[in-house]
Amino acid sequence: MIGVVLDTEVVIRGLGEPEGPGSQLIRSALAGRFVPITTPRLLDELARTLRRRELRGVFPRPRRIVSLVEAMSMVIEPCGAVRVMHAEPANHLLATARASAASYLATWGVELLALGRFEDTRIVQPT
């Protein structure tokens, strides 16, 4: 089965914009076409982001969403640090990709997209 690390922004936009570019990716995950990969740290980031005032109207039950994302994902704890990017959150995504042997990392992060590939993981922008 194909494993895909999903950046937090991809999850939020995919769920919050039903016709947006990330929505097809979320629908594919729900249909079982790939296994989303996440970490406790990414789930915490998702929870914090969903609690922001500007998102409360779109996501009135953030804990429920985080629970659903956790239930549909393979949750791992990457061991070992990756120091490829300047931003630590980007390095965490790369460490997650490495630890899970993910086929893809889906992100809108410009620096990650410019990298294009990390080891065996292709870095792609959701369409």
Of the residues 104, 46, 79, the Cα lying farthest along the dipole of the chain towards its positive end, which is defined by charges on the beta carbon of Lys, Arg, Asp and Glu, belongs to 46
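Can you tally the net charge around residue 51? Count Lys and Arg as +1, Asp and Glu as -1, for every other residue whose Cβ sits under 14 Å from the Cβ of residue 51.
Values: positive: 48, 52, 53, 56, 61, 63, 64; negative: 44, 45, 54.
Value of the local net charge: +4.
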Karplus-derived 3J(HN,Hα) from phi for segment 8-21 (6.51 cos²θ - 1.76 cosθ + 1.60, θ = phi - 60°), whole Hz, x at Gly and Pro, runs 4, 4, 5, 5, 5, 5, x, 7, x, 10, x, 10, x, x
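Rounded, prolate or oblate: which one fits segment 21-60, using the alpha carbon gyration tensor with axes a ≥ b ≥ c (rounded when a/c is under 1.5, else prolate when a/b beats b/c, else oblate)?
Note, shape of segment 21-60 comes out oblate.
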PRE zone check, label point 7 Å out along Cα-to-Cβ of residue 83, amide N under 19 Å, scope segment 99-127, hits 99, 119
Magnitude of the Cβ-charge dipole (Lys and Arg +1, Asp and Glu -1) of segment 3-124 about the Cα centre, nearest 20 debye, reported as 400
Per residue, the convex hull enclosing the alpha carbons of segment 1-72 has a volume in Å³ of 80
Protection proxy (average C-beta count within 10 Å per residue), highest first, orders 78-88, 40-50, 107-117 as 40-50, 107-117, 78-88
P(r) over all Cα-Cα pairs of the chain, 10 Å bins from 0 to the longest distance, whole percent per bin, short to long, reads 13, 47, 34, 5
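Read-outs: derived from the displayed coordinates by stated rules, not from any lab. No experiment lies behind these values; they were computed from the predicted model shown. All Cβ positions, even for glycine, are placed from backbone atoms using ideal geometry, and neighbour counts span all protein chains on display.
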